[in-house]
Amino acid sequence: MRRYLFMGLVITLYVFGFVISLYAISADEFLDKVKFTSKAVTKKGDPAQGKVLYAMFCTNCHGETGDGNGPVAGAAKMDPKPRNHTEGKYMNARKGEDLFKIVKLGGKAVDKSVYMPAFGVILSQEDILDMIAFMRTLAVPPYSGN
């Protein structure tokens, strides 16, 4: 009896997984559904909270110091390498809206690396702004824009 219950459970889970996969969408379909409005990013984020989120989501590729030499980037031999967030000349020239769009929609959406995932599905707007505020603290020379 237990064997039949177990087999029934396995078959049910298998069928459920198959049905759920029918509703999965591709990255391109996702980008179509979450059209980005290029409104100016005016809210300032919290760098302290951003540091926590950066450590959780970014350090594997961008490294703990933001230099683009994280453990995954090296092991996967990513080409192009993850962006060096400490490079002030590049980072300070980026507008907040640009950074927001990259983090929210991922690299592919902005013609950057396909290795950069879209975090807009798991992070709120406030979380993304916090991460950008922290990334701004990594730049050398420091970011002095608005």
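Every read-out reported here was derived from the displayed coordinates using simple, explicitly stated rules and does not represent laboratory data. All values reported here derive from a predicted model rather than from experimental measurement. In this analysis, Cβ positions are derived from the backbone assuming ideal geometry, glycine residues included, and neighbour counts consider all displayed protein chains.
Counting every pair of alpha carbons in the stretch 35-130, the share spaced more than 22 Å apart comes to 23 percent.
Put simply, when 55-67, 98-110 are sorted by average Cβ atoms within 10 angstrom per residue, most first, you get 98-110, 55-67. From least to most packed, judged by other beta carbons within 10 angstrom and beginning with the fewest, Thr12, Thr137 follow the order Thr12, Thr137. Between Asp111 and Ala48, the C-beta separation translates, for a Förster distance of 35 Å, into a calculated FRET efficiency of about 0.65. From least to most packed, judged by other beta carbons within 10 angstrom and beginning with the fewest, Tyr4, Tyr54, Tyr115 follow the order Tyr4, Tyr115, Tyr54.
For the stretch 86-103, putting each phi into the Karplus relation 6.51 cos²θ - 1.76 cosθ + 1.60 with θ = phi - 60° gives couplings of 8, 6, x, 4, 7, 5, 6, 7, 7, 6, x, 5, 5, 5, 4, 5, 4, 5 Hz, in residue order, rounded to whole numbers and with x for Gly and Pro.
Under a 5 Å amide H cut-off, with hydrogens placed 1.01 Å from N, Glu87 pairs with Val140 among residues at least 5 apart or on other chains.
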